[in-house]
């Protein structure tokens, strides 16, 4: 589903919600599931355990003539252990003070009935709160449904590790 300010995709992953959640709540593992290659590393973040936490990621913009390094703060604004995790992303040290003008990612995990452990994972990318400055700077929206599907496919592979 895509509307004017958000895109949402789902994928059934053959794993328990807890295994999937563990990957999503561990910032150093996030580059494994980023198909764009823009997430480089975390800055020694602790695992996410509650809303209100902030973790910083080292990023690289690959769309220009040369890769441009930058950092983003991820403000955890959705958290229900093994079910929901999400964060608003803003450029670190930006004029918004790290709280406004960002885009968000929300992962919702729904266990499915049956003998095999399977989980429906819904991923929503929302850019409704992006400032005009950040939209221009980062080319927001910069992900479509195919990108989000690739994120979930890589998440399914990361869970197997």
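The values are calculated or read from the model by the stated rules, or taken from the named source; none is laboratory data. Every value quoted in this text rests on a predicted model; they were computed, and no experiment measured them. Cβ coordinates were reconstructed from backbone atoms using ideal geometry, including for glycine residues, and neighbour counts include every protein chain displayed.
Worth pointing out:
- For segment 25-45, residues that are outside any helix (DSSP H, G or I) and closer than 17 Å to residue 70 by Cβ total 10.
- Any hit, segment 129-139, residues being in a helix (DSSP H, G or I) and either buried (at least 21 other Cβ atoms within 10 Å of the Cβ) or on the phi > 0 side of the Ramachandran plot (or both): yes
- Test set (1) under 24 Å from residue 153 (Cβ atoms); (2) surrounded by fewer than 18 Cβ atoms within 10 Å (Cβ to Cβ); (3) touching a strand residue (DSSP E or B) at 6+ places or on another chain (Cβ under 8 Å) - residue 30 fails condition number: (2)
- Pairs with Cβ under 8 Å, 6+ apart, first in segment 93-114 and in a loop (DSSP other than H, G, I, E, B), second exposed (fewer than 14 other Cβ atoms within 10 Å of the Cβ) and modelled with pLDDT under 80: 95/133; 101/133
- So residue 100, is it at pLDDT below 95, surrounded by 20 or more Cβ atoms within 10 Å (Cβ to Cβ) and over 21 Å from residue 13 (Cα atoms): no
- Considering residues of segment 46-81 that are assigned to a loop (DSSP other than H, G, I, E, B), modelled with pLDDT of 90 or more and out of contact with any strand residue (DSSP E or B) (no Cβ under 8 Å at 6 or more places or on another chain) only, the residue nearest to residue 102 (Cα to Cα): 47
- The one condition from (1) within 16 Å of residue 91 (Cβ to Cβ); (2) in contact with a helix residue (DSSP H, G or I) (Cβ under 9 Å, 6 or more places away or on another chain) that residue 11 does not meet is (1).
- Test: residue in segment 2-24 that is under 11 Å from the mean Cα position of the chain (by Cα), in a loop (DSSP other than H, G, I, E, B) and in contact (Cβ under 8 Å) with a residue 24 or more places away in the chain: no
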